[in-house]
Amino acid sequence: GFVDIKMSNYTAVAVTESGALYTWGTNNYHGHQSVRNTKLHAPKRLKLRNDAEDVVIMAKCSQQTCYVLTEEGKIWSWGYNYCGSLGHSGGSTNYTPKAIEGAIKDKRIVHFDAAYYHCACIDESG
């Protein structure tokens with residue numbers, strides 16, 4: 001079953017006890033590229049990468065974006081990239097999860113939060 005669930009205006013994300021990620025919702029913000037511009041009325045498993053089984057330990061949604069933290073200490077984001085709110089260069093929408101790099105690329109993130117169109121994090125050094 002689910003041990004964590006978060007919701008935004010358009011999307012819901014949930015994490016299972018084993019760290020699997022599920023999303024559902026409407027429009028472009030639930031992370032499933034293949035079903036863009038449709039509604040998911042029930043939770044659907046979402047892998048961050050096709051070639052790996054990432055263990056998700058925390059999920060957040062804000063406005064039209066989603067963020068997750070993996071056991072490795074990496075934050076992944078997707079959704080509407082208003083003013084760079086996803087932490088990726090460029091201003092386009094990301095329809096599937098992408099790891100945030102930039103200033104936190106070599107950091108191990110231990111906690112984060114998201115609100116409206118931004119996200120903040122704490123690394124293992126505080």
query: For segment 22-49, which residues satisfy the criterion of being assigned to a loop (DSSP other than H, G, I, E, B) and either modelled with pLDDT of 80 or more or loosely packed, with under 14 Cβ neighbours inside 10 Å (or both)?
result: Asn37, Thr38, Lys39, Leu46, Lys47, Leu48, Arg49
statement: Among (1) at pLDDT 90 or above; (2) assigned to a loop (DSSP other than H, G, I, E, B); (3) open to solvent by 20 Å² or more (accessible area, probe 1.4 Å); (4) small (Gly, Ala, Ser), Gly19 falls short only on (3)
query: From the list Val56, Val68, which residue is β-branched (Val, Ile, Thr) and under 19 Å from Tyr10 (Cα atoms)?
result: Val68
task: Just give me the residues in segment 83-121 being open to solvent by 80 Å² or more (accessible area, probe 1.4 Å) and of a type outside the set (Asp, Glu), in sequence order.
output: Cys83, Ser89, Lys98, Ala103, Lys105, Lys107, Arg108, His111, Tyr116, His118
Residue pairs meeting the criteria (Cβ under 8 Å; at least 6 apart or on separate chains; first hydroxyl-bearing (Ser, Thr, Tyr), in segment 87-109; second open to solvent by 40 Å² or more (accessible area, probe 1.4 Å)): Ser89/Gly102; Thr93/Tyr80; Tyr95/Gln33; Tyr95/Arg36; Thr96/Gln33
field: Matching entry among Asp113, Asp106, Asp54 (being under 14 Å from the mean Cα position of the chain (by Cα) and part of a loop (DSSP other than H, G, I, E, B))
entry: Asp54
query: Pairs, please: C-beta under 7 Å, at least 6 apart or cross-chain, first residue in contact (Cβ under 8 Å) with a residue 12 or more places away in the chain and in segment 44-59, second of a type in the set (D, E, K, R)?
result: Leu48/Asp54; Val55/Glu71; Ile57/Glu71; Met58/Asp4; Ala59/Asp4; Ala59/Lys6
message: Restricting to segment 57-79, and then to whatever is open to solvent by 10 Å² or more (accessible area, probe 1.4 Å) and touching a Leu at 6+ places or on another chain (Cβ under 8 Å), can you tell me which residue is farthest from Tyr22 (Cα to Cα)?
response: Trp76
Qualifying residue in segment 59-71 (condition: under 22 Å from Gly1 (Cα atoms), modelled with pLDDT of 95 or more and outside any strand (DSSP E or B)): yes
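The values are calculated or read from the model by the stated rules, or taken from the named source; none is laboratory data. For clarity, every value in this text was computed on a predicted model and none was experimentally measured. Virtual Cβ from ideal backbone geometry, glycine too; neighbours counted across all protein chains shown. Heavy atoms of the whole protein, side chains included, go into the accessibility calculation; ligands, DNA and RNA do not. Shrake-Rupley method; radii C 1.70, N 1.55, O 1.52, S 1.80 Å.
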